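The values are calculated or read from the model by the stated rules, or taken from the named source; none is laboratory data. As the structure is a computational prediction, the values presented were derived from the model and not from experiment. For accessibility, only protein heavy atoms count, side chains too; no ligands or nucleic acids. Shrake-Rupley method; radii C 1.70, N 1.55, O 1.52, S 1.80 Å.
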Amino acid sequence: KAPAMYRAQTNLGKALQMSGDEQGALAAYQRAIDIDPRHGDGYNNIGILHHRQGRTREAIDWYQRALERYPDHEEIYQNTADAFVDLGDLAQARVWYEKALKVDDRRGSIWANYGELLFQLRDLDSAERASRKAIALMPHQPEPYNNLGNVLSIRGDSDSALAMYQQAIDLAPENAISDVRANMADTYLQIERAAEARAELELALEHDSENARLHHAL
């Protein structure tokens with residue numbers, strides 16, 4: 001009834017995206033932009049679709065166009081940072097996560113991703129602070145516990161690391177914890193508890209039998 005209504009086209013795009021029709025979603029978002037190019041969410045949503053499809057550089061371009069219209073949306077900064085992580089440009093990713101946190105430091109998902117990045121950069125003090133902040137903001141999500149476990153493990157605090165991994169396992173669905181169990185196995189090996197390491201890897205393989213990392217570790 002109102003094909004020239006921006007919000008109707010944007011919402012249609014979201015519905016199509018949720019149903020798996022990414023090409024239809026892309027077309028709906030583009031129609032929304034053609035109707036009213038002043039809004040940033042259409043650009044951001046197109047960026048997300050490109051990102052999901054592996055066109056990461058194009059995604060970043062769309063995120064930048066979204067930020068020109070919505071400079072105060074922390075989610076778009078986070079999306080940009082995630083894209084730079086996927087490109088392997090960790091320095092740029094750090095810049096964008098920090099921009100996101102300047103806009104809103106109350107989103108646990110930003111702190112969690114930022115903490116994981118800082119761990120990759122081996123800034124362990126900052127990684128620990130970010131992971132603990134993420135846990136405080138979203139205590140029922142497994143990712144920050146796993147991230148904190150990685151930091152503690154590399155520091156040699158094995159007991160605390162194992163406790164964090166167990167927290168992550170308790171919170172995550174069974175089919176999504178193979179990486180956590182692998183991390184747990186690595187920590188057990190560091191303290192020469194090979195039988196427990198083997199048990200964790202075998203449990204992980206029950207749900208992720210094609211994971212080469214698990215087979216190699218076992």
**OP:** Keeping all protein chains in place, calculate the accessible area per residue for the range 14-108 (probe 1.4 angstrom), answer in Å².
**Re:** 51 Å²
Subject >> Degrees separating the helix 178-190 axis from the principal Cα axis of the chain, which is the longest one >> reply: 30 degrees
Original post:
Once both axes come from the Cα atoms, what is the angle between helix 90-103 and the longest principal axis of the chain, in degrees from 0 to 90, rounded to 10?
Top reply: 70 degrees
Subject >> Of all accessible heavy-atom area on the range 116-192, the percent that carbon and sulfur account for (1.4 Å) >> reply: 45 percent
